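**Student:** Here you go, one structure.
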Amino acid sequence: MKRTFSLIVLGTLLVSNSYGQAKADLTVTGGDSKLTISRNIYGQFSEHLGRCIYGGFWVDPKLPVAKQNRIRLDIVEALKKIHIPNLRWPGGCFADEYHWRDGIGPSAQRPKMVNTNWGGVTEDNSFGTHEFLELCSLLKCEPYITGNVGSGTVDEMSKWVEYLNFDGESPTTALRKQNGHPAPFKVSFWGVGNESWGCGGNMTAEYYSDQFKRYASFAKNYPGTPLKKIATGPSDGDYHWMETCMKNIGTRMWGISLHNYTIPTGSWSKKGSATSFTNAEYFNTMKNCLRMDEYVTKHSAIMDKYDPEKKVALVVDEWGIWTDVEPGTNPGFLYQQNSLRDALVAATTLNIFNNHCDRVKMANLAQTVNVLQALILTDNEKMLLTPTYHVFDLYKVHQDATYLPIELKSPDLENGSDKIPAINVSASIDSNKVIHISLVNLDPEKKISIRTGLKGLNWSGVTGQILTSEKLTDVNTFQKPNKLKIETFTGASKQGDQLVADLPAHSVVVLTLK
Ligand code: AHR
């Protein structure tokens, strides 16, 4: 018999299941998985946009915070703690109007430019190639650079790669040495344009795939640093773009990107507030977020047709929730607060990527500091970690671990005649044979009991950590920076050979089984 339970708030969201109490069943299987959850799924994105670079990573020399050069070290330390594996730069839309030669050499002599995409502000080019690579070296992460296809030339991109990666003598490497870096930087993740169907040049898929071949032919593999070339891929469900690139470029590219943002209302003209939303809007946000699974599944099926051995990576190098900007801030700066809802978006999306790790080899949340779904917000010398940051902290245990297949029977979360699964999960086992299961309960009001059978896996005890808060709209502020933080979770136990856990409403739980 199917019974549904109505919720108190607004009375519009319901959890339904077939047990008479909100329950989920999970099976996690060990044994023959050969799939690794690439650490690069946990990558970040930092564009010359608003206060991500300027006033974020790269601050005024007079700001009273610890710095190396002008790089803010409290941000570096926070990102090192969550092991960020790679950082994408300089855009975004900015990449297709960026000319790398303007960002090298003595800072005072660098030409200024207008950042036409993001607020029309003047860019002084004080943060360029050397500064970005210094940041990556401090973060101990891999750089992922996107070259300019939209307004640059084949020669310009080719020489940037030579500047970065060639160890021999040439006028370009002489310039690098003159700028203080005798050794090559060894950058291998290489984006060939960004959103070439839109801000990157408004191209057709057919035209772009030919352009990719031109640009990629002259972006050379120098000894010791073969490039991992990443083509501009589709937005959302543009399957024609994917089909065309796979047919025309195929395994000549290391990866192809996918961009998909979660818009709470589904409308770009009025996206919805970051801090004030109804339960119905929350439901729509999570429904839109879960569409990532559909996009990844359908794009992967097209990729499988042309690349059955799965050599080409699907690189979701822009994702996250995109809301209206905070009232009173520059609309071109995309500054938004970050609530518990955003943490649920991040945790759910990362579970989707983990569960598609056969094809999704890399992803980049947009964007690390002060822009869109940021990990970190700053206000002059103050800095706070957002709920989304804490999800990346909880989930870092999956990086480079072996993927464990799951089967999940979840109750539904209903909104009128609409429904989504209330629970989502992913699981992995690390090199020390420690199992991690990340569970998200999307229900805004009800705890859900989950019973898990583990097949072919040895474990004798469970511990856990949780991220939750009283309300979905709760945020960390500069006045209360630790309102949302990771806490110990004691709601899981071993009962016989089963793992049983009570997942509180609107929570992210990561269990460790040893
Ligand atoms: O992340 C913000 C912008 O969104 C990027 O610059 C662009 O690639 C996308 O449209």
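**Student:** Compute the acute angle (0 to 90°) between the alpha-carbon long axis of helix 154-165 and the principal axis of greatest extent of the alpha-carbon atoms of the chain; round to the nearest 10°.
**Tutor:** Once rounded, one gets 80 degrees.
**Student:** State the antiparallel share, in %, of DSSP beta bridges confined to the chain, rounding to the nearest 5. Present the calculation step by step, with values, prior to reporting the outcome.
**Tutor:** Details: 64 of 104 bridges.
If we restrict to bridges inside the chain, about 60 percent are antiparallel.
**Student:** Give the lysines reachable from residue 159 as a straight Cα distance under 26 Å; neighbours fewer than 8 places away on the same chain don't count.
**Tutor:** The reachable lysines, counting only those whose Cα sits under 26 Å from residue 159, are 112, 140, 177, 186, 213, 220, 228, 229.
**Student:** In Å², what does the accessible area per residue of the stretch 41-403 work out to with a 1.4 Å probe? Walk me through the intermediate numbers first.
**Tutor:** Numbers: 12240 Å² over 363 residues.
It amounts to 34 Å² per residue over the stretch 41-403.
**Student:** Continuing with this model, one more query. I need the per residue convex hull volume for the stretch 41-403, using only the alpha carbons, in cubic angstrom as a whole number.
**Tutor:** Working: hull volume 47.0 nm³, N = 363.
In the stretch 41-403, the Cα convex hull volume per residue is 130 Å³.
**Student:** Still on this structure, I have one more. Looking at the P(r) of the stretch 91-156, how many percent of alpha-carbon pairs lie beyond 13 Å? Walk me through the intermediate numbers first.
**Tutor:** Working: 1418 of 2145 pairs.
Tail of P(r) above 13 Å: 66 percent of Cα pairs.
**Student:** Let me ask you something else. If exposed means no more than 13 neighbouring beta carbons inside 10 Å and the site is in a DSSP loop, what's the longest run of the chain without any exposed GluC sites (Glu not before Pro)? Walk me through the numbers on the way to the answer.
**Tutor:** Numbers: sites that count: 169, 309, 381, 470.
That gives 1-168 as the longest site-free run.
**Student:** Let me ask another. Express the carbon and sulfur contribution to the solvent-accessible surface of the stretch 95-185 as a percent, rounded to the nearest whole number, probe 1.4 angstrom. Let's see the in-between values first.
**Tutor:** Details: 1930 of 3670 Å².
Looking at the stretch 95-185 in its full context, I get 53 percent from C and S.
**Student:** Which pairs, out of 419/447; 447/485; 34/81; 447/494; 396/485, put more than 22 Å between their alpha-carbon atoms? Walk me through the numbers on the way to the answer.
**Tutor:** Values: 419/447 17 Å; 447/485 19 Å; 34/81 28 Å; 447/494 19 Å; 396/485 15 Å.
Exceeds cut-off: 34/81.
**Student:** Next question, about the same structure. For the stretch 172-216, evaluate the Debye formula with one uniform point scatterer on each Cα (no solvent term) and list log10 I(q)/I(0) at q = 0.15 Å⁻¹, rounded to two decimals.
**Tutor:** At q = 0.15 Å⁻¹ the computed log10 ratios are -0.58.
**Student:** Please arrange 140, 247, 229, 447 by accessible surface area, largest first, computed with a 1.4 Å probe and ligands excluded.
**Tutor:** 140, 247, 447, 229
**Student:** Taking the dipole about the Cα centre of the chain, with the C-beta of Lys and Arg at +1 and of Asp and Glu at -1, give me whichever of 308, 152, 230 is farthest to the positive side.
**Tutor:** 308
**Student:** Specify the angular offset, from 0 to 90 degrees and rounded to the nearest 10, of the alpha carbon long axis of helix 279-306 from the longest principal axis of the alpha carbons in the chain.
**Tutor:** 60
**Student:** Now a separate question. Please name which of 108, 459, 435 has its Cα lying farthest along the dipole of the chain towards the positive end, using unit charges on Cβ (Lys, Arg +1; Asp, Glu -1) and the Cα centre as origin.
**Tutor:** Towards the positive end, the residue furthest out is 459.
**Student:** A follow-up question, please. Can you tell me which aspartates and glutamates have their Cα less than 12 Å from the Cα of residue 483? Leave out same-chain residues fewer than eight positions away.
**Tutor:** Answer for residue 483, where 12 Å is the Cα cut-off: 470, 474, listed by chain and number.
**Student:** Treating the Cα atoms of the stretch 283-410 as identical point scatterers in vacuum, please give the log10 of the normalised Debye intensity I(q)/I(0) at q = 0.12, 0.16, 0.23 Å⁻¹, two decimals.
**Tutor:** At q = 0.12, 0.16, 0.23 Å⁻¹ the computed log10 ratios are -0.52, -0.87, -1.44.
**Student:** Still on this structure, I have one more. Can you give me the Cα centroid spacing of the stretch 426-504 and the stretch 260-327 in angstrom?
**Tutor:** Result: 24 Å between the Cα centres.
**Student:** Another question, then. With a 1.4 Å probe and all protein chains left in place, how much of the accessible area of the stretch 340-409 comes from carbon and sulfur atoms, in whole percent? Don't skip to the end; give the middle numbers.
**Tutor:** Working: 640 of 1440 Å².
Answer for the stretch 340-409 is 45 percent, counting heavy atoms of protein chains only.
**Student:** Pairs to check: 23/287; 247/361; 23/361; 311/514. Give those whose C-alpha atoms are more than 24 Å from each other in this structure. Working shown, then result.
**Tutor:** Details: 23/287 20 Å; 247/361 20 Å; 23/361 32 Å; 311/514 33 Å.
Cα-Cα > 24 Å for 23/361; 311/514; rest within.
The values are calculated or read from the model by the stated rules, or taken from the named source; none is laboratory data. A quick note: this is a predicted structure, and the numbers were derived from the prediction, not measured. With ideal geometry, Cβ positions are generated from the backbone for all residues, glycine too; neighbour counts draw on all protein chains shown. What goes into the accessible areas is simple: the full protein's heavy atoms, side chains included, and nothing from ligands, DNA or RNA. Shrake-Rupley method; radii C 1.70, N 1.55, O 1.52, S 1.80 Å.
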